[in-house]
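Below: one structure, written as structure tokens.
The values are calculated or read from the model by the stated rules, or taken from the named source; none is laboratory data. Bear in mind the structure is a predicted one, so any value in this text is a computation, not a measurement. Backbone-built Cβ (ideal geometry, glycine too); neighbour counts: all protein chains shown.
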């Protein structure tokens, strides 16, 4: 059985050279030196361009390789890159957002960039300990598999005078013109508390609304307050599910000018922007927590943090930057916005 690996000695290499000159096989050389065949195979790669193995030259190559400094990992725990990545992870940026932003900032300098695969490897290959737990906790899904939502009861035909998603203006589907929103509620422990979520479809801009409860009046009042903070030109439509809390949709339209359209039952993909945002919000408001503890100011701060995250779909601009650009164009149509 081969002994534990140690470097070949000059004497070993002399044996390799002599036996190779005698046309001995790799396995026979390995058996003679009590080494693995793979070790001898690697050693013979030190041969010159003509395929001739010389023990002295092989020894010099081996020594030169040993003194060659090892490459320090880009995300070594004490490196500046690691400090930057750790900071952004704690701001709840994803590895893709970090990598994409660094690439956009330094497109021609590989020393200042890192791939998202490298970030994931640095996290999961890090030794066990508090730092590893911290880094994994920063990831959105914490390496957990998402479970499909239960469909619950069919709630069709419970809302009077609702307009179907299928008669929305075509511009809503294109996501090119701003002012079209998707809405929903996220629920707290035992469904006793909730927060309203709104996502503007063309920019990904998030607005959160504090709810005193999930009654129709509370939902209409809260959504009306936050929607009316936006310019009238940014209040065109909202797409919502067929939740009972939206019984007052006509009142909400009267108070905000926003026309409400309703998605088909059990079709969350029809409000994909909102569904994805709700998943991100669970980083701040975990399932089973009491959502009534958040003030409107605190919800605004959470929304701002989300809106400042770079997005790949916008060339790693943030939703806030894209939304602000649209607002600038609305206030001055002569300004070109890219």
When the range 31-51 is checked residue by residue, the ones that are under 49 Å from the mean Cα position of the chain (by Cα), under 16 Å from residue 7 (Cα atoms) and either in contact (Cβ under 8 Å) with a residue 24 or more places away in the chain or in a loop (DSSP other than H, G, I, E, B) (or both) are 35, 36, 39, 40, 43, 44, 45, 46
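For the subset of the range 17-28 comprising residues that are over 52 Å from the mean Cα position of the chain (by Cα) and part of a helix (DSSP H, G or I), which member is surrounded by the fewest Cβ atoms within 10 Å (Cβ to Cβ)?
Pass one, the range 17-28, residues over 52 Å from the mean Cα position of the chain (by Cα): 17-25, 28.
In the following step, the residues that additionally are part of a helix (DSSP H, G or I) were identified as 17-21, 28.
Working: 17: 20, 18: 12, 19: 17, 20: 19, 21: 10, 28: 14.
So the residue we want is 21.
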Within the range 237-338, which helices (runs of 4 or more DSSP H) (wholly inside it) include 3 or more residues that are in the same structural domain as residue 175 (by TED's automatic domain parsing) and modelled with pLDDT of 90 or more? 249-256, 296-307, 319-331
Quick one: would you say residue 27 is in contact with a helix residue (DSSP H, G or I) (Cβ under 9 Å, 6 or more places away or on another chain), under 23 Å from residue 135 (Cβ atoms) and either outside the structural domain of residue 279 (by TED's automatic domain parsing) or at pLDDT below 90 (or both)? no
Quick check on the range 55-75. Is at least one of its residues under 23 Å from residue 121 (Cα atoms) and at pLDDT 80 or above? yes
Residue list for the range 262-309, restricted to those being over 17 Å from residue 196 (Cβ atoms) and over 26 Å from the mean Cα position of the chain (by Cα): 264, 265
Among the residues of the range 197-224, write down those that are under 15 Å from residue 258 (Cβ atoms), without any contact (Cβ under 8 Å) to a residue 40 or more places away in the chain and either out of contact with any helix residue (DSSP H, G or I) (no Cβ under 6 Å at 6 or more places or on another chain) or crowded, with 23+ Cβ neighbours inside 10 Å (or both). 219, 221, 222
Can you name every residue in the range 230-240 that is surrounded by 18 or more Cβ atoms within 10 Å (Cβ to Cβ) and touching a helix residue (DSSP H, G or I) at 6+ places or on another chain (Cβ under 7 Å)? 235, 237, 239, 240
Residue list for the range 244-253, filter: more than 22 Å from residue 173 (Cβ to Cβ) and surrounded by fewer than 21 Cβ atoms within 10 Å (Cβ to Cβ): 244, 247, 250, 251
Given the conditions (1) under 24 Å from residue 292 (Cα atoms); (2) out of contact with any strand residue (DSSP E or B) (no Cβ under 9 Å at 6 or more places or on another chain), which single one is not true for residue 232? (1)
